[in-house]
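Each remark here refers to the structure printed beneath this line.
No lab work stands behind these numbers, since they all come straight from the coordinates. Predicted model only: the values in this text are computed from it and were never measured. Ideal geometry is used to build each Cβ from the backbone, glycine not excepted, and the neighbour counts take in all protein chains shown.
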Amino acid sequence: MSRAGSLRGYILVRLALMVPMVWVLLTVVFLMMRVAPGDPISATLGGKLPPEELARRQHELGFDKPILTQYVEYLWDVVRFKFGTTITDGRTIQSIIIENGGATLTLTLAALLVAICVGLPLGLIAGRYRETIPDAFIRVFGILSYAAPVFFVGLMAQLLFAKNLDWLPASKQASATVQALAPVHTHILIPDLLIEGNWSGVGDALKHLILPAVTLGLLVAGVFIRLVRVNVGQALGGDYVEAARARGIPERRVVSFHAFRNALVPVVTVMGLQAALLLGGAVLTEQTFSWPGLGSQLLTYLNNRDYIGVQGLITFFALVVVVVSLIIDIVNAMIDPRVRY
Amino acid sequence: MAATTTVPETPPVVERPYRGGRLARILSPFRQAKGVQRFMLLTGTALSFVFVFCAIFAPLIAPFEFDQYQDAAGRFPQQAAPSSAHHWGTTVNSFDVLSRTIWGARTALEVMILAVIFALFIGVPLGLISGYVGGWLDRILVLVMDALFAFPYLLLAIVASFLLKETIGNGIIVAAIAITVVYVPQYFRVVRASTLSARESTYIEAARAMGAKPRTIIHKYLFANVVQSVPVIGTLNAADAILTLAGLGFLGLGIQPTEAAEWGYDLQRAIADAGAGIWWTALYPGLAIVLAVTSLTLVGEGLNDILNPTLRRRRNRAPDIMSGSSAVGPASAGTVEEDAGE
């Protein structure tokens, strides 16, 4: 337990810690998906197929093997990035990730952008001018944007901006024609359209993106506001800020240089955690706006009780979150030496 | 409070509520709060009372049952706009929106209380022990909890309720368990983190130096200090639980409409209505969620502001400089005394 570690040492330890973490995660997923009685095949297709056919399929996919063998095989498959083939529509999980992941990626990145642009400035203002009228308004806004479920905000936005005002499209990723004619390069709609130079298509896609991205972004912005505000408040009460004041540094500089910068360090950590909130929120947002991403795929498989589909996508989501949190931790260790151990 | 102005002959009675008295202690955040803070805390509390009132007296307040689609006069109209018969309109299933919204408060409160209690009873002790004892137990617990925490919380609840639905069935308890799975790691992490930092502090060191056993330290010193953050997390988590429940309902994985009225489910049914420009089926259940969550969040944040010593220190900066005591030690200890004596 050496206290003073180097950055490289920290990264190595963090990487090493990731292995048991992923292992525990995969075990949890496996156990959760297997506590249900019966095997995935009969849970999904039971009653729809003759028994011989069921047995044949079970044998094909190895569900008649002992549970421990299945567990080892599952882990081995994940290590090789093989997440299986869905039972109901026979797509491989990889192809789902490639084809639908782009939509989710677009939505979450756009939402994160909205959240940062709205959350950070408002949080800083509220933290700087604590217990004044602007602070009260910003706090209430932050609380409301967090308290309002994304699907409710989304529905209201659809009613107002799409139905009543008719400014923006209500749902889907692009107009039917744009979507149908879009070429496939990266499986992400907007870059694909950009590569083709289809500018009206890009405009159409961006218009479709606004409502879902703002809806999801405001949710995360609420978290940012709360966090930044509290951190700025604590930083302004910190000894180093008092010390800076005592040295006669102008208040403006104390606030912007000493307090704000230190207040933003924990925000980086929490941004990593927001990846989970974003993904969860994306499932709801996608459902509200008929957005063809991974979340809506997951729901389809949940409703069809396709265990392989659910298990594969959940495994993938879990891996994404682990990798994102790894990256954020390393970035955080670079900024703040106190994090290393 | 009134005693101070009217009854001069009983000074000890005036002194009492400030020092002892459970009620006074519960109410002390309200007295300490000032200005905007006080306003937010009071608004939150008032709204919470409205929410709880609706939940408890739903059968008396709501004009109809949550699953009632007809009365003596016949079947209710479908998707009818708000009118004198149905103040908030009706849904596609002819349910009365007003009634379902009021009944929904009851469902939300039940699930919320169950989920928070379950999560508290599992998360807090685990966090305390793990944080103080350390060693391999701590490592394993952290590993498992971090793994659960790394799951996007909604996905975790989705999977949990999907599987529980397949095995046990639907209902309020099942929804509460699915939500509990999400919040145990949160309590664990927060309690463990504050235990870890408290473990290194001077008063614990002093206790250890005096030969206190780990059990005593956890009970007498750590618990009281760590538990201060729990009411805040508790209220914020309760707010979160309502959102998660609604999210599950919205995805069709929550409580089924025949068992209880649930806001999230109602909003799911409202997606189709929104396309037709029908707003009342979405607006009212949604507003109910927003109000319930906001009120609990206001209470949680208000408590956090008042109970969190790091924030308090800054507010009392001016008097501290005057008294000169803050330069010596942790300022919070001095100011807490000051506030209590005020």
Relative exposure of A:117, B:54, judged by other C-beta atoms within 10 Å (fewest first): A:117, B:54
Dipole of region B:31-179, positive end: most advanced residue of B:60, B:130, B:86 [Cβ charges, Cα centre]: B:130
Three-way shape label, region A:59-105, alpha-carbon gyration tensor, a/c 1.5: oblate
Packing-based exposure ordering (other Cβ within 10 Å, fewest first) of B:112, B:210, B:40, A:156: B:210, A:156, B:40, B:112
Region A:190-280: equivalent-ellipsoid semi-axes (sqrt of 5 x gyration tensor eigenvalues, Cα, Å): 40, 16, 10
Given charges at beta-carbon only (K, R positive; D, E negative), |dipole| of region A:39-129 in Debye: 400 debye
Residue-averaged [θ]222 nm for the protein assembly as shown, counting only DSSP H segments that reach four residues, each worth -39500 (n - 2.57): -24000 deg cm²/dmol
Footprinting exposure proxy for A:24, B:227, B:116 (fewest neighbouring C-beta atoms within 10 Å first): B:227, A:24, B:116
Cα shape, region A:95-168, gyration tensor, a/c 1.5 rule: oblate
Fluctuation leader among A:96, A:327, A:249 - chain A, Gaussian network, Cα springs under 10 angstrom: A:249
Chain A: most fluctuating residue of A:319, A:107, A:159 per GNM, C-alpha cutoff 10 Å: A:159
For chain A, the longest site-free run once trypsin sites (Lys or Arg not before Pro) in DSSP loop states with at most 11 other Cβ atoms within 10 Å are removed: A:81-246
Nearest-0.05 FRET efficiency for residue B:287 and residue A:6, computed from C-beta distance (R0 45 Å): 0.25
Rounded, prolate or oblate (a/c below 1.5 giving rounded, otherwise prolate when a/b exceeds b/c) for region A:96-303 by Cα gyration tensor: prolate
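Take each uninterrupted DSSP H stretch in chain A, measure its Cα extent along the helix axis, and return the ones at 24 Å or beyond whose mean Kyte-Doolittle hydropathy is at least 1.6.
On the way: long enough: A:7-35 (41 Å, 1.87); A:93-128 (48 Å, 1.55); A:199-236 (48 Å, 1.22); A:260-288 (38 Å, 1.11); A:307-335 (42 Å, 2.23).
Span-like helices, by this rule, are A:7-35, A:307-335.
Starting from the alpha-carbon convex hull of the protein assembly as shown, give the projected area averaged over all orientations, in nm².
That works out to 37.8 nm², a quarter of the Cα hull's surface.
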